[in-house]
Amino acid sequence: MTIALLAAAGVAFCYGMATVLQSIGAKKTASSEGLDPGLLVRLLRSGPYLLGLGLDAAGFLLMFISLQTLPLFVVEAFTAGALAVTAIAAATWLRIPLSRGEWLGVAAVTAGLLALGLSAGADEKVELVAWQKWLPLGAAVVLLFLTLLAARMKGRWAISALGALAGFGFGLVGIAIRTLDSPVTVMGVLTDPAAYGLIAAGALSLLALATALQRGAVTQATAAMVVAETVIPSLIGLAFLGDRIREGFTPVAIVGLIVAIGGSVALSRLGEIPDDGSAQSAEPQEA
């Protein structure tokens, strides 16, 4: 379990640094109306965004490793805790001053993740029937429909909706990983419907988040993403995928999850790094 916790910490580091780089790339790329798949193509011409994608790939591999041992509620909390890494990077690398509340948010995320790490219990192996393996892909199709609707909306609620849908999609990636057949083989992945749900959800979430970031209301998008990415997969893991809390540690897990999410939401403005390095430009704007 020690290796899995180190891998989960690596997930937070990779995703946190990727946020910094991808936000810089997204703000320097031409935007468009609605949900535009061409946005991802344009972003591929951005050096910072590409480097961020590389870190995302590393984070994904570390997530895969950590989910072999740790329950979803721990790994997804570490994923949301990446905003603490983003905050420290913004303060030290881009010299964006953090408020006292944001430093408290970093401390809260750290404390919450430690509590969750201590409360993780041994997973129970759950055998899924054939039709259940299709659920991640089916959920990704529903996610696509809802994201298309949200992209046509205007105003602050549209940003929150896109952020929440991106968060659920990222959480769906973790759920799909947990449903892959073990041991993982190339042929097994190619014939596993959950793998295609993983790919579809991951690509759609990247597009939804990039669209939300371009519209400027960073706090709404990132806060909604953190909550959806953490809470929904955690409940699904505990209810259906054999995740377990260490005996006697249920209160520790609940408090740790709440504290980690609360700290991440407090840091949500750092889901986007301003172009000029000023803290003021990172504040939410009216859409």
Got a number for residues in segment 206-220 being assigned to a helix (DSSP H, G or I), out of contact with any Lys or Arg (no Cβ under 8 Å at 6 or more places or on another chain) and in contact (Cβ under 8 Å) with a residue 60 or more places away in the chain? 5
Tally time: how many residues in segment 193-211 are surrounded by 21 or more Cβ atoms within 10 Å (Cβ to Cβ) and not aliphatic (A, V, I, L, M)? 3
Restricting attention to segment 117-135, which residues are at pLDDT 80 or above, more than 21 Å from Ala77 (Cα to Cα) and among the aliphatic types (A, V, I, L, M)? Leu128, Val129, Ala130, Leu135
Looking at (1) open to solvent by less than 30 Å² (accessible area, probe 1.4 Å); (2) over 30 Å from Glu102 (Cα atoms), can you tell me which one Val141 breaks? (1)
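For every residue, the table says whether it meets (1) under 20 Å from Leu83 (Cα atoms); (2) at pLDDT 65 or above; (3) crowded, with 19+ Cβ neighbours inside 10 Å.
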| residue | (1), (2), (3) |
| --- | --- |
| Glu247 | no, yes, no |
| Pro251 | no, yes, no |
| Gly262 | yes, yes, no |
| Leu267 | yes, yes, yes |
| Leu270 | yes, yes, yes |
| Glu283 | yes, no, no |
Segment 232-243 residues that are open to solvent by 50 Å² or more (accessible area, probe 1.4 Å), paired with ones that are among the basic types (Lys, Arg) (beta carbon under 8 Å, 6 or more apart): Leu238/Arg244
May I ask you to list the residues in segment 175-205 that are outside any helix (DSSP H, G or I) and of a type outside the set (Gly, Ala, Ser)? Leu180, Asp181, Pro183, Val184, Thr185, Thr191, Asp192
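The values are calculated or read from the model by the stated rules, or taken from the named source; none is laboratory data. Because the structure is a prediction, the values reported are computed rather than measured. All Cβ positions, glycine included, derive from the backbone under ideal geometry; neighbour counts span all protein chains shown. For the accessible areas, the whole protein counts, side chains as well, though only heavy atoms, and no ligand, DNA or RNA atoms are used. Shrake-Rupley method; radii C 1.70, N 1.55, O 1.52, S 1.80 Å.
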